[in-house]
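Here is the structure we will look at.
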Amino acid sequence: MAKLVGGLGTSHVPSIGAALDKGQRDSPEWKPFFDGYIPGQRWVMDQEPDIAVVIFNDHGNAFFLDKVPTFAVGCAEEYRPIDEGWGPRPIPLFKGAVEFSWHFIDKLVENRFDPMICQEIEVDHGIQVPMELFWGRPAEWPVKVVPIFVNVIQYPIPLPSRCYEMGRVLREAIDTYPSDERVVVLGTGGLSHQLQGARAGFLNPQADQAFLDDIAIDPGKLAAMSREEYVDMFGSEGAELMMWLVMRGAMDAQVVVRHKHYFVPASMTGAGMIVLENKISTAMAA
Ligand code: DHB
Ligand code: FE
């Protein structure tokens, strides 16, 4: 069966991609941020995953407010990076893990999740930026992807507990997939930020740091929080953080934190990264 090698969490701020496009990786503003990802990049290289399942929200690029699925899963042969208005980005197409996508969608429906099924869709910074943060700028991505879209934009957004439950189904899909492929799961978004309204510019570094601890040791607490508490604590766009619970739900109850990084502010956002492994697989490797 396929093997879950670990879970990654990361912010997906678009200015990170823009900084790379403009050659600003080693500028004084950005270097400490990007250097924090080096251990995560090394971990990914060592693990050699074949499939990356990436949970993210579209930001009005593939879906607009007129039609918003609560959950959508891609099962396309390839996903073109969307031009979000600054011109085409110098990153390759994403190849789809088509068969695993269908297997996962089947498991979702069996478990009474009914996602939108996308055989053709473009993907925005929500997936582009996490991929380049962990895999750099290869000529071709060395993994195939499964994009999971979560609506955290147009209210009513799903419950954090529902995201956590979806992660359990994702794990079931990995554990029952007849293949020797290695799967890594990426939860993206956050951390605290609010880009509009009365609290525009809101940041909460203390809550961000607590989240980075709790996602490893007490995910049940994060899953039990209400949507309003996410908005309150992390800002209206910071509520994206609930998508990390899909990743965490796919992992074992007991995990080991391999790497963790926090940097504030990246643009107007608290930017965080975490690398998790299941405790059992870590013990077996030792
Ligand atoms: C910004 C956009 C995002 O989607 C996000 O998650 C964080 C920051 C931004 O435009 O600054
Ligand atoms: Fe976002």
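The values are calculated or read from the model by the stated rules, or taken from the named source; none is laboratory data. Predicted model only: the values in this text are computed from it and were never measured. FYI the Cβ positions are ideal-geometry reconstructions off the backbone, even for glycines, and counts take in every protein chain you see. The area values use the complete protein model at the heavy-atom level, side chains included, leaving out ligands, DNA and RNA. Shrake-Rupley method; radii C 1.70, N 1.55, O 1.52, S 1.80 Å.
When only Cα pairs under 8 Å and 6 or more residues apart are kept, what is the percent relative contact order across the chain?
Normalised by residue count, the contact order of the chain is 30 percent.
Using the average count of surrounding beta-carbon atoms within 10 Å as a protection proxy, the listed peptides 117-124, 65-72, 200-207, 271-278 rank, highest first, as 271-278, 117-124, 200-207, 65-72. In a GNM of the chain with a 10 Å cut-off on Cα contacts, which of Met247, Met225, Met233 has the highest mean-square fluctuation? In the Gaussian network model the winner is Met225. Within a straight-line Cα-Cα reach of under 29 Å, Lys107 can be paired with the following lysines, leaving aside sequence neighbours fewer than 8 residues apart in one chain: Lys3, Lys67, Lys95, Lys144, Lys221, Lys279. In whole angstrom, note down how far apart the Cα centers of region 169-190 and region 78-117 are. First find each Cα centre; the distance between them is then 14 Å. Listed peptides 177-186, 29-38, 127-136 appear in the order 127-136, 177-186, 29-38 once ranked by packing, highest mean of other Cβ atoms within 10 Å at the front. Taking amide hydrogens as placed 1.01 Å from N in the peptide plane, the amide H of Ala266 sits under 5 Å from those of Ala271, each at least 5 positions away in sequence or on another chain.
Reported to the nearest whole Å, the Cα centre-to-centre distance from region 214-286 to region 123-162 is 15.
Stretching the chain fully between Asp175 and Ala224 yields a gain of 15.1 nm (0.36 nm per residue, less the alpha carbon separation). Where only DSSP H runs of four or more residues are counted, the chain gives -10500 deg cm²/dmol as its mean residue ellipticity at 222 nm, each run worth -39500 (n - 2.57). On the chain, 53 percent of the accessible area sits on carbon and sulfur atoms, based on a 1.4 Å probe.
Straight-line reach from Lys31: taking Cα to Cα under 17 Å and skipping same-chain neighbours fewer than 8 places apart, the lysines in range are Lys22, Lys260.
Summarising the label geometry, the points placed 7 Å from Cα in the beta-carbon direction at Asp46 and Gln196 lie 4.3 nm from one another. At a probe radius of 1.4 angstrom, the accessible area of region 3-285 per residue rounds to 42 square angstrom.
Is any residue of region 21-55 close enough, with backbone N under 15 Å, to a label point placed 7 angstrom from the Cα of Ala139 along the Cα-Cβ axis, and if so, which? Zone members listed by number: none at all. Treating each Cα of the chain as an identical point scatterer and summing with the Debye formula, the log10 of I(q)/I(0) at q = 0.08, 0.09 Å⁻¹ comes to -0.29, -0.37.
With both labels modelled 7 Å from their Cα along Cα-to-Cβ, the Ser267 to Ile117 distance reads 3.4 nm.
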